[in-house]
1. Tally time: how many residues in segment 82-102 are over 15 Å from residue 252 (Cα atoms), surrounded by fewer than 24 Cβ atoms within 10 Å (Cβ to Cβ) and not hydroxyl-bearing (Ser, Thr, Tyr)?
2. Of (1) touching a residue at least 40 places away in the same chain (Cβ under 8 Å); (2) not in a helix (DSSP H, G or I), residue 249 satisfies all except one. Which?
3. Can you pull out every residue in segment 50-106 that is in contact with a Ser or Thr (Cβ under 7 Å, 6 or more places away or on another chain), of a type in the set (Val, Ile, Thr) and modelled with pLDDT of 95 or more?
4. Given the criteria in contact (Cβ under 8 Å) with a residue 24 or more places away in the chain, buried (at least 23 other Cβ atoms within 10 Å of the Cβ) and more than 18 Å from residue 253 (Cβ to Cβ), does residue 198 qualify?
5. Can you tell me which condition residue 304 does not meet? The list is (1) touching a Phe, Trp or Tyr at 6+ places or on another chain (Cβ under 9 Å); (2) closer than 30 Å to residue 174 by Cβ; (3) buried (at least 21 other Cβ atoms within 10 Å of the Cβ), and all the others hold.
6. Give the residues of segment 180-211 that are part of a helix (DSSP H, G or I) and under 17 Å from residue 269 (Cα atoms), sorted by residue number.
7. Would you mind telling me which numbered condition in (1) in contact (Cβ under 8 Å) with a residue 60 or more places away in the chain; (2) within 30 Å of residue 330 (Cα to Cα) residue 150 fails?
8. Among the candidates 121, 220, 153, 199, which residue alone is out of contact with any helix residue (DSSP H, G or I) (no Cβ under 9 Å at 6 or more places or on another chain) and under 19 Å from residue 277 (Cβ atoms)?
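The values are calculated or read from the model by the stated rules, or taken from the named source; none is laboratory data. What you see is a predicted model, and the numbers here were worked out from it, not measured in a lab. Here the Cβ is made from the backbone with ideal geometry for all residues, glycine too, and neighbour counts use every protein chain on show.
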Amino acid sequence: MIKLLKYVKIFNLLSNYSFVYDIINKDTKDVLNMYVLTKSVLALMIGFIVASVFGLIFVPYMKKKHFGQVTSKFVKQHKGKSGTPTMGGLIFIISTIITIAALVLTNKMTITTNLLIVLFVFLGYALIGFIDDFMKLKFKSNEKGLTVIQKFVAQIILAILIFYLYVKDGSNPNIEITGLNININLGFMYGFFILFMLVGTSNAVNLTDGLDGLAAGLSVIAFGVYGMIAWSSSWLSGYDSIAIFCFVLVGGLLGFLAFNSYPAKIFMGDMGSLALGGTLAMIAMLTRRELLLVVVGGVFVIETLSVILQIASVKLRGKRLFPMAPIHHSFEKKGWNEPDIVKLFYVVGFVLGAISIIYGVWI
């Protein structure tokens, strides 16, 4: 009789559907999480290897052709850097495209409309930067590239095309703040929001690219964060492809850092910084974490604000607010070593990235 009661209890426990479902669901989630982790690590490793191999060929080639950048005359600490090859953004741009193509051809990832939008922004902004870098190299002057108006017009054209693709894909022109349950439909005004995000972020990364490895290292953190956010955005069409793209790019950037960290053997150039900034903004919009970008890219924001405040102070007060802008140059003016400044900014970027993951993935 006692044994019979035991069997009845076991049967009743197993017949509890929610209990069995929870066990199965937990196991499924664990397997899925391991699968996601494996794909992310694989994507990162391939991106790193391709970028490293390409860099070993590309950097000596650029040196041989004497495609060196003329550094700013206003930063005396960088005088010895004149002649360092530029357009290093090609290293992580080409490695990312090659890796994505290889993964698609081997059926490890799929091409989706959202991924095409990201690639369009990535290559579109890279093209604008390439033209700017090429003109600077041709005329051997940082002042001989594209004018501010020319860059802005090119970015407006890109923003219009992106808005068309974005709306055609069925995406809602909304701004969401999930923690506060705020959802604002901007309608056609979302096109201006796209322009603001793309122009603002691309130029923020561009301004930050003033010290060896600074912009690239901070971009590793930012794209790593948005890669994790993308994996948790299962409602987004092709979310896994967006996530894999982020980790491939992180790998490419790490490979690039092997040549760009202090002392840099090659500079990123506008080609790389504009591509990174524009793409980061686009992924933030696709994952509906647009406003979180202010935290994820907090260092980029601080660098940009330092320039804006510096200009405003000179115009209104007739004197500078900082010794030099962007703010990383102020640290140099104070006598800090370049690697120490970069490490400090990395730490700030890492802390802000960790906070962003907590909000963007867990909350």
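1. 1
2. (2)
3. 50
4. Numbers: in contact (Cβ under 8 Å) with a residue 24 or more places away in the chain: yes; buried (at least 23 other Cβ atoms within 10 Å of the Cβ): yes; more than 18 Å from residue 253 (Cβ to Cβ): yes.
It is true that residue 198 is in contact (Cβ under 8 Å) with a residue 24 or more places away in the chain, buried (at least 23 other Cβ atoms within 10 Å of the Cβ) and more than 18 Å from residue 253 (Cβ to Cβ).
5. Checking residue 304 against (1) touching a Phe, Trp or Tyr at 6+ places or on another chain (Cβ under 9 Å); (2) closer than 30 Å to residue 174 by Cβ; (3) buried (at least 21 other Cβ atoms within 10 Å of the Cβ), the one that fails is (1).
6. Step one: of segment 180-211, the residues part of a helix (DSSP H, G or I) are 180, 187-208.
Within segment 180-211, 199, 201, 202, 203, 204, 205, 206, 207, 208 meet the criteria.
7. It fails just one condition, (1).
8. Numbers: 121 fails: out of contact with any helix residue (DSSP H, G or I) (no Cβ under 9 Å at 6 or more places or on another chain); 220 fails: out of contact with any helix residue (DSSP H, G or I) (no Cβ under 9 Å at 6 or more places or on another chain); 199 fails: out of contact with any helix residue (DSSP H, G or I) (no Cβ under 9 Å at 6 or more places or on another chain).
One residue alone meets the criteria, 153.
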